[in-house]
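Asks: The structure under discussion is supplied below as structure tokens; questions concerning it will follow.
The values are calculated or read from the model by the stated rules, or taken from the named source; none is laboratory data. Keep in mind that what you see is a predicted model, and the values were worked out from it rather than measured. Positions of Cβ are backbone-derived with ideal geometry, glycine not excepted, and every protein chain shown enters the neighbour counts.
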Amino acid sequence: MRYGHKHSFLIPVTLASVLLLSAATMQADRDSERAALSRLVAEIERLEPLIARAESEQDVHDRVRFRYDWLRRDLTEIKSGVEAFLNDAEFTPRTFEPLQGAYHQ
């Protein structure tokens, strides 16, 4: 019984250590997620010159044309949603317009 009593502090100390490490890991995961989402926003912004170039090369006489305006609108919606999450400490759900998805007409 002396052994159990003498070392009984080990259980709370071990438990506290595990909880602290878990909290630190969760914070690191959140920070990693936020960094990845920030990179996603930057990548979406980098798409604009590519979209503009593709649009400038489009043949205006084609019967079926790619809808660059719909693509831009969808990317703007996605970017806005990600930025809202990054900028809002207590993210509240909101509604979004449905994505177009089909970019030809």
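Asks: In segment 49-76, what count of residues is obtained for those that are under 21 Å from Leu86 (Cβ atoms) and without any contact (Cβ under 8 Å) to a residue 12 or more places away in the chain?
Replies: Final tally of qualifying residues: 1.
Asks: Here is a further query. Say we look at segment 31-41 and pick out the residues that are out of contact with any helix residue (DSSP H, G or I) (no Cβ under 8 Å at 6 or more places or on another chain) and within 15 Å of Asn87 (Cβ to Cβ); which of these is modelled with the lowest pLDDT?
Replies: If we filter segment 31-41 for residues that are out of contact with any helix residue (DSSP H, G or I) (no Cβ under 8 Å at 6 or more places or on another chain), which is where we start, we get 31-33, 35-36, 39.
Narrowing the set further to residues that are within 15 Å of Asn87 (Cβ to Cβ) leaves 33, 35.
Numbers: Glu33: 89, Ala35: 92.
Top of the filtered list is Glu33.
Asks: Would you say Val64 is modelled with pLDDT of 90 or more, outside any loop (DSSP other than H, G, I, E, B) and among the β-branched types (Val, Ile, Thr)?
Replies: No: the conditions fail for Val64.
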